[in-house]
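Below is one structure, written out as structure tokens; the observations come after it.
The values are calculated or read from the model by the stated rules, or taken from the named source; none is laboratory data. The model shown is predicted, which means the values in this text are computed figures rather than measured ones. When we count neighbours, we look across all protein chains shown, and the Cβ atoms used for this are built from the backbone with ideal geometry, even at glycine.
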């Protein structure tokens with residue numbers, strides 16, 4: 001079970017000039033993974049995801065879903081779009097019914113389900129995104145930004161997709177709304193085995209949630225790997241409009257100052273464990289303690305240096321580095 | 001009087017039923033007292049629906065107070081005669097770059113505002129050039145805006161505002177849709193306008209790293225002004241900010257966590273450089 005793109009290219013005409021939105025991209029997305037897709041504006045991310053449910057047909061190349069060519073004769077693109085749900089940017093702009101509940105029922109209704117089935121699906125979908133029951137009857141226009149976004153995601157979930165693709169689902173949300181939506185997506189993946197493909201400009205969020213990161217640049221795949229591998233190329237990422245999480249830069253700066261720290265750190269929890277390790281302190285709570293054990297293990301198996309706390313801070317050049 | 005002064009400002013949104021009768025009123029903001037000096041860089045933070053954008057629209061007289069008063073450079077926004085003056089004093093840049101670019105060529109887009117107020121052609125040409133140079137988009141002046149990246153489009157939008165020579169620019173989540181480098185370029189431009197041109201900047205954002213660059217931060221919560229202070233004062237209150245649905249920069253959170261484990265770090269670390277410096281002292 002997977003989405004597979006084989007050598008797809010997408011060209012379009014622009015005032016007599018042929019432009020290439022996607023250039024010979026091949027990739028496979030396995031079932032039940034949380035995949036992050038990053039890239040500068042115009043790198044081809046949005047075009048790429050629309051190939052995955054047949055909204056855009058490639059100029060060249062093939063698209064397979066669960067091993068079947070989606071453009072073979074007799075293949076139902078309509079069925080495909082039920083299985084691969086796509087949540088566009090600012091999906092709340094597409095809410096149109098008079099109540100949230102009715103809006104979420106719209107998708108299953110079009111799939112030909114009975115009223116009762118639609119209602120069950122809608123209830124389930126709204127529950128999955130953590131939408132409060134007392135607000136089911138509200139007009140979409142009365143909701144806060146975070147609630148609208150959830151309602152819109154529920155509308156796609158109600159169609160029972162196997163894959164959920166979301167184009168910047170947290171843009172414009174406050175930090176708590178952002179965390180809540182991302183936590184819900186993670187739960188969907190864990191509890192319902194739904195494959196999540198997330199397009200985002202937030203490197204911090206990708207570091208926390210994605211299991212695999214695909215980096216697009218000028219219509220090509222520039223990198224494909226775990227977030228840890230990808231963010232180790234932080235200097236190259238900057239050249240293509242991206243960056244690494246702030247703590248990754250911190251660890252590189254500490255290393256330059258002579259601290260014996262690992263630099264493949266992407267989250268606050270990892271940075272905390274690693275810094276505590278270097279300072280020879282054990283963290284107090286359990287989750288931090290696990291990270292700490294991992295940090296010690298990584299360090300022991302790592303660069304050949306011993307895992308003895310190295311507290312000496314070496315100033316690199318006599319003049320400027322005299323902080324220490 | 002301060003450059004911008006808000007006195008017990010309240011705003012009401014009124015819902016009407018199908019017959020056009022007033023159904024109910026929602027107070028989006030209430031009891032806001034604030035002053036902003038000329039040349040200041042102020043960031044406004046707050047959860048979705050906290051009233052940030054409503055507040056911003058009062059600074060450009062796009063909305064008028066239900067109660068209280070707003071003075072912009074001494075002009076009361078309630079007085080219709082002041083509208084033109086106020087809107088020339090404060091320029092706004094919004095979230096979606098594609099909604100605010102209308103010209104088919106970059107320089108045409110930047111000239112739009114000036115043409116509307118009847119600026120002489122020679123003057124338009126000069127000001128458009130100047131503002132495109134200011135935001136670093138001069139080399140794209142005769143291109144179509146369609147081809148630009150999000151960050152570049154936002155800088156063109158900013159150039160359009162700068163060409164009007166406002167004393168103040170309000171950016172309402174203008175970086176929300178941009179990639180990291182686009183965000184950085186826009187923020188560099190905004191900082192430069194503030195520091196070298198002396199333009200007052202009011203920045204609404206959900207990115208805490210951007211708020212760190214401000215002189216002062218206002219935090220909105222459920223329509224009220226909940227906190228006010230320097231970035232250092234505000235971000236030292238990690239738990240309070242989280243209660244308001246907000247966050248702190250990653251290094252500030254890391255410092256907070258390390259302090260809890262007994263490392264002797266200050267609460268108010270805001271940047272990577274500061275963190276490195278303090279860890280070196282401990283080392």
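Could you grab me the full set of residues in the range B:169-196 that are within 11 Å of chain A (Cβ to nearest Cβ), closer than 27 Å to residue B:62 by Cα and in a helix (DSSP H, G or I)?
The answer is B:183, and nothing else.
Could you check, for the range A:132-148, whether at least one of its residues is in the same structural domain as residue A:169 (by TED's automatic domain parsing), in contact with a strand residue (DSSP E or B) (Cβ under 9 Å, 6 or more places away or on another chain) and without any contact (Cβ under 8 Å) to a residue 40 or more places away in the chain?
Yes, the range A:132-148 has at least one match.
If you scan the range A:177-189, which residues turn out to be out of contact with any strand residue (DSSP E or B) (no Cβ under 9 Å at 6 or more places or on another chain) and away from chain B (no Cβ under 13 Å)?
A:183, A:184, A:187
Go through the range A:151-176 and give me each residue that's away from chain B (no Cβ under 14 Å), part of a loop (DSSP other than H, G, I, E, B) and surrounded by 24 or more Cβ atoms within 10 Å (Cβ to Cβ).
Listed by number, the list holds a single entry, A:158.
Within the range B:261-277, take every residue that is under 16 Å from residue A:259 (Cβ atoms) and at the interface with another protein chain (Cβ under 9 Å from one of its Cβ atoms) and give me the one that is farthest from the chain's Cα centre (by Cα).
Among residues in the range B:261-277 that are under 16 Å from residue A:259 (Cβ atoms) and at the interface with another protein chain (Cβ under 9 Å from one of its Cβ atoms), the one farthest from the chain's Cα centre (by Cα) is B:263.
All but one of (1) over 28 Å from residue A:217 (Cα atoms); (2) touching a residue at least 24 places away in the same chain (Cβ under 8 Å) hold for residue A:110, so report the exception by its number.
Unmet condition: (2).
So that you can scan it fast, the table gives a plain yes or no per residue for (1) within 16 Å of residue A:164 (Cα to Cα); (2) part of a helix (DSSP H, G or I):
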| position | (1), (2) |
| --- | --- |
| A:74 | no, no |
| A:78 | yes, yes |
| A:85 | yes, no |
| A:92 | no, yes |
| A:98 | no, no |
| A:105 | no, yes |
| A:109 | no, yes |
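Filter the range B:139-168 down to the residues that are at the interface with another protein chain (Cβ under 10 Å from one of its Cβ atoms) and touching a residue at least 24 places away in the same chain (Cβ under 8 Å) and list them by number.
Answer for the range B:139-168, where residues must be at the interface with another protein chain (Cβ under 10 Å from one of its Cβ atoms) and touching a residue at least 24 places away in the same chain (Cβ under 8 Å): B:144, B:148, B:149, B:150, B:151, B:152, B:153.
If you take the residues in the range B:233-260 that are more than 11 Å from chain A (Cβ to nearest Cβ) and over 19 Å from the mean Cα position of the chain (by Cα), which one is farthest from residue B:40 (Cα to Cα)?
Only one residue fits best here, namely B:239.
Name every residue in the range B:79-107 that is modelled with pLDDT under 85 and touching a helix residue (DSSP H, G or I) at 6+ places or on another chain (Cβ under 8 Å), in order of residue number.
B:97, B:98, B:100, B:101, B:102
Could you list, in sequence order, the residues of the range B:258-283 that are without any contact (Cβ under 8 Å) to a residue 40 or more places away in the chain, closer than 21 Å to residue B:216 by Cβ and not in a helix (DSSP H, G or I)?
Selection gives B:266, B:267, B:268, B:269.
Yes/no per residue for (1) in contact with a helix residue (DSSP H, G or I) (Cβ under 7 Å, 6 or more places away or on another chain); (2) more than 14 Å from chain B (Cβ to nearest Cβ); (3) closer than 25 Å to residue A:172 by Cα:
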| residue | (1), (2), (3) |
| --- | --- |
| A:4 | no, yes, no |
| A:14 | no, no, no |
| A:35 | no, yes, yes |
| A:42 | no, no, yes |
| A:55 | no, yes, no |
| A:101 | yes, yes, yes |
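For residue A:206, only one of the following conditions fails: (1) touching a residue at least 40 places away in the same chain (Cβ under 8 Å); (2) more than 10 Å from chain B (Cβ to nearest Cβ); (3) assigned to a loop (DSSP other than H, G, I, E, B); (4) within 29 Å of residue B:246 (Cα to Cα). What is its number?
Tallying (1) touching a residue at least 40 places away in the same chain (Cβ under 8 Å); (2) more than 10 Å from chain B (Cβ to nearest Cβ); (3) assigned to a loop (DSSP other than H, G, I, E, B); (4) within 29 Å of residue B:246 (Cα to Cα), residue A:206 fails exactly one: (3).
Being modelled with pLDDT of 75 or more and more than 24 Å from the chain's Cα centre (by Cα) narrows it down to one residue among A:272, A:255, A:239, A:297; which is it?
A:255
If a residue must be closer than 28 Å to residue A:98 by Cβ and either in a strand (DSSP E or B) or touching a strand residue (DSSP E or B) at 6+ places or on another chain (Cβ under 9 Å) (or both), how many such residues does the range B:30-51 contain?
Going through the range B:30-51 one residue at a time, the tally reaches 4.
Please report, ordered by residue number, the helices (runs of 4 or more DSSP H) entirely within the range A:233-285 with at least 3 residues that are surrounded by 24 or more Cβ atoms within 10 Å (Cβ to Cβ) and either at the interface with chain B (Cβ under 10 Å from one of its Cβ atoms) or at positive phi (or both).
Where helices (runs of 4 or more DSSP H) fall fully within the range A:233-285 and carry at least 3 residues being surrounded by 24 or more Cβ atoms within 10 Å (Cβ to Cβ) and either at the interface with chain B (Cβ under 10 Å from one of its Cβ atoms) or at positive phi (or both), they are A:246-256, A:268-278.
Answer yes or no as to whether residue B:251 is farther than 30 Å from residue B:132 by Cα and buried (at least 18 other Cβ atoms within 10 Å of the Cβ).
yes
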